[in-house]
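J.: This is the structure, below, for whatever I ask next.
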Amino acid sequence: MATDHSVGFEPAERLAQDRESVRRRFWIKLKKVAAKLPFTEDLLAAYYCAFDKETPRHVQVTLLGALAYFILPFDFLPDMMPVLGFTDDAAVLATAIRLVASHITDDHRAAARAALKRGIEPENEGS
């Protein structure tokens, strides 16, 4: 049963439990919308932190929840809305990053910048 603070996030919570689905769907959606996002580098750094084997489990869960919300086909503000479409995604991501900021390392940020230089392609799907 959803608590008051989690109402509306149930699909993201379920999706976050399936790491491989998040991984695959993240890259598909990111390729479609990266040019529209002012927070692409932060999103990628969060992705690399979430899938880093050295990242503590509670941090992975927090970031996977935010990434799952990003890739959901529906959300509070549809992504197709000009200007406002990604504000809810940005708010969820910013909150998650603030909660776990000390775990997002320079290596995660460097991997994010490298992915941007590659043209938003995953470095290694098997990592």
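J.: What's the exposure ranking of V59, V22, going from fewest to most Cβ atoms within 10 Å?
T.: Going from sparsest to densest Cβ surroundings: V59, V22.
J.: Sticking with this one: With a Förster radius of 30 Å, plug the Cβ-Cβ distance of L72 and K117 into 1/(1 + (r/R0)^6) and report the FRET value to the nearest 0.05. Present the calculation step by step, with values, prior to reporting the outcome.
T.: Numbers: r = 28 Å, r/R0 = 0.92.
Here the calculated transfer efficiency is 0.60.
J.: Also, I was wondering about something else. Which of the pairs K36/K117; K31/K117; K32/K53 have their Cα atoms more than 22 Å apart in this structure? Please list the in-between numbers first.
T.: Numbers: K36/K117 16 Å; K31/K117 13 Å; K32/K53 27 Å.
Beyond 22 Å between Cα atoms: K32/K53.
None of the figures in this text is laboratory data; all of them are computed from the coordinates on show. These numbers come from a predicted model, not from an experiment. Note that we place each Cβ from the backbone using ideal geometry, even for glycine, and neighbour counts take in every protein chain shown.
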